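Colleague: Have a look at the structure that comes next, please.
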Amino acid sequence: MKQRTMNAEPYELEFDLTKTALLIIDMQRDFVLPGGFGEALGNDVTPLQATIGPTRRVLDAARALSVMIIHTREGHRPDLTDCPPSKLGRGRGKTRIGDPGPMGRILVRGEIGHDIVPELYPKPGETVIDKPGKGAFYATDLELILRNRGIVTLIVCGVTTEVCVNTSVREANDRGFECVVLSDCVGSYFPEFQTAALAMVKAQGGIFGWVSDSRRALAALVA
Ligand code: TIU
């Protein structure tokens, strides 16, 4: 049986394993380790590292069940032609996108910092989406890939909860996909934003989707 039910808020989520993808947003060194983009923006990156363990457990379960797995990476071409000048200049920080850092050029494709942390590194056959923006659908082929595979449900992990996770869930919701965000598999630099961003998803009867956690997701997946 491929039908599953996940305990979630605002109510249980029914899904079909064959029509479900695990979407892991931007678990890149640039966001979760010191010396990358997250730190260049003025953040303490350590709270994000707590998402790696629970996300790995969900990833392992998804792999064992042959659930479709999609990883995204935010970043830009080395010549930065796909980076809007507004994004380049934003924040007035002393280290900006494209500048050299301890993990290579900040948020540039092909650099160590841009790539996914080893614990969650994509296996051959898993889909990797390189995205220039915060949303996973903007200027990418993610929607085409999901439609071609008949995917309707997205189990969402990654960082940061209020920026790339929230933007991607909103984009997905408007395209008719059903998203469940796993609260311990998504992280923010700001505890108050973590709380608010999760509350926004599930408010108003699930206005953007569902919220659950790795324990309940694992229980549903292996049922
Ligand atoms: N700054 C911040 O919270 N996030 C980002 O810039 N990108 C993602 O969330 N991936």
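Colleague: Take every DSSP beta bridge with both residues inside the chain and express the antiparallel ones as a percent of the total, to the nearest 5. Each step should come with its number before you reach the end.
Modeller: On the way: 8 of 35 bridges.
Given both bridge residues lie in the chain, the antiparallel proportion sits at roughly 25 percent.
Colleague: If you don't mind, there's one more thing I want to ask. Measuring from centroid to centroid over Cα atoms, what is the spacing of the range 167-223 and the range 83-148 in Å?
Modeller: Using only Cα atoms to place each centre, the spacing works out to 21 Å.
Colleague: What number do you get for the range 157-214 when its Cα radius of gyration is normalised by 2.2 N^0.38 Å, N = residues?
Modeller: 0.98
Colleague: Efficiency by 1/(1 + (r/R0)^6): what FRET value for residue 16 and residue 92, r their Cβ-Cβ distance, R0 = 35 Å, to the nearest 0.05?
Modeller: Computed FRET efficiency for residue 16 and residue 92 comes out at 0.15.
Colleague: Turning to a different aspect of this structure: For a test of the definition: using alpha carbon positions, the gyration tensor, and the 1.5 limit on a/c, classify the range 116-223 as rounded, prolate or oblate. The partial results should precede the final answer.
Modeller: Values: a/c = 1.25, a/b = 1.21, b/c = 1.03.
Verdict is rounded for the range 116-223.
Colleague: Which log10 I(q)/I(0) values does the range 55-163 give at q = 0.20, 0.22 Å⁻¹ under the Debye formula, counting every alpha carbon as one identical point scatterer?
Modeller: -1.18, -1.34
Colleague: Given an 8 Å cut-off on Cα distances and at least 6 residues of separation, report the relative contact order of the chain as a percent.
Modeller: 28 percent
Colleague: Please give the contour-minus-distance gain from residue 195 to residue 77: 0.36 nm per residue of separation, less the Cα-Cα distance, rounded to one decimal in nm.
Modeller: Numbers: separation 118, 0.36 × 118 = 42.48 nm, distance 3.33 nm.
Result for the pair: 39.2 nm of gain on full extension.
Colleague: Continuing with the same structure: Once phi is turned into ³J(HN,Hα) by the Karplus curve 6.51 cos²θ - 1.76 cosθ + 1.60 with θ = phi - 60°, what whole-Hz value does each residue of the range 183-192 show in order, with x for glycine and proline?
Modeller: Each residue's phi maps through the Karplus curve to give 4, 8, 9, 10, x, 9, 6, 10, x, 5 Hz.
Colleague: What angle, in degrees between 0 and 90 and rounded to the nearest 10, separates the Cα long axis of helix 52-64 from the longest principal axis of the Cα atoms of the chain?
Modeller: So the inclination is approximately 50 degrees.
Colleague: If you count, for each residue, the other Cβ atoms within 10 Å and average over each peptide, how do 13-26, 36-49 line up from highest to lowest? Please list the in-between numbers first.
Modeller: On the way: 13-26: 22.0, 36-49: 18.5.
Most protected by this proxy first, the peptides run 13-26, 36-49.
Colleague: Please identify the cysteines of the chain that lack any partner cysteine with a Cβ under 4.7 Å from their own Cβ.
Modeller: 83, 164, 179
Colleague: From the backbone phi of the range 120-125, what are the Karplus-calculated ³J(HN,Hα) couplings (6.51 cos²θ - 1.76 cosθ + 1.60, θ = phi - 60°) in whole Hz, Gly and Pro given as x?
Modeller: Along the range 120-125, the couplings run 10, 4, x, 8, x, x Hz.
Colleague: Continuing with the same structure: Under 29 Å from the Cα of residue 87, which lysines turn up, not counting those fewer than eight places away in the same chain?
Modeller: 131, 134
Colleague: Moving to a separate point now. Quick check on the chain: what does the Kirkwood estimate of hydrodynamic radius come out to from the alpha carbon pairs, in Å?
Modeller: By the Kirkwood definition, the hydrodynamic radius is 17.4 Å.
Colleague: Follow-up question, since we're still on this one. Residues of the range 177-200 with amide nitrogen under 12 Å from the 7 Å Cα-to-Cβ point of residue 119?
Modeller: What the label zone holds, given the 12 Å backbone N cut-off, is 185-186.
Colleague: Two decimals, Cα atoms only, Kirkwood Rh: what is Rg/Rh over the range 1-90?
Modeller: The Rg/Rh ratio comes out at 1.08.
Colleague: Between residue 63 and residue 109, what length comes free when the chain is fully extended (0.36 nm per residue of separation minus the Cα-Cα distance, one decimal in nm)? Can you show the working numbers first?
Modeller: On the way: separation 46, 0.36 × 46 = 16.56 nm, distance 2.57 nm.
Extra length available between residue 63 and residue 109 comes to 14.0 nm.
Colleague: On to the next question. Ranking request for peptides 172-179, 138-145, 157-164: highest mean number of other beta-carbon atoms within 10 Å first, then the rest in descending order. Could the numbers behind the result be given before it?
Modeller: Working: 172-179: 17.1, 138-145: 14.6, 157-164: 25.2.
Highest to lowest by the protection proxy: 157-164, 172-179, 138-145.
Colleague: Would the range 95-134 count as rounded, prolate or oblate if I go by the C-alpha gyration tensor, calling it rounded below 1.5 in a/c and otherwise prolate when a/b exceeds b/c, oblate otherwise?
Modeller: Numbers: a/c = 3.01, a/b = 1.68, b/c = 1.80.
It comes out oblate by the Cα gyration axes.
FYI, it's all coordinate maths here, none of it is from the lab. Keep in mind that this is a model prediction, so the values were computed, not measured. Please note: Cβ atoms are built from the backbone with ideal geometry, for glycine as well, and neighbour counts cover all protein chains shown.
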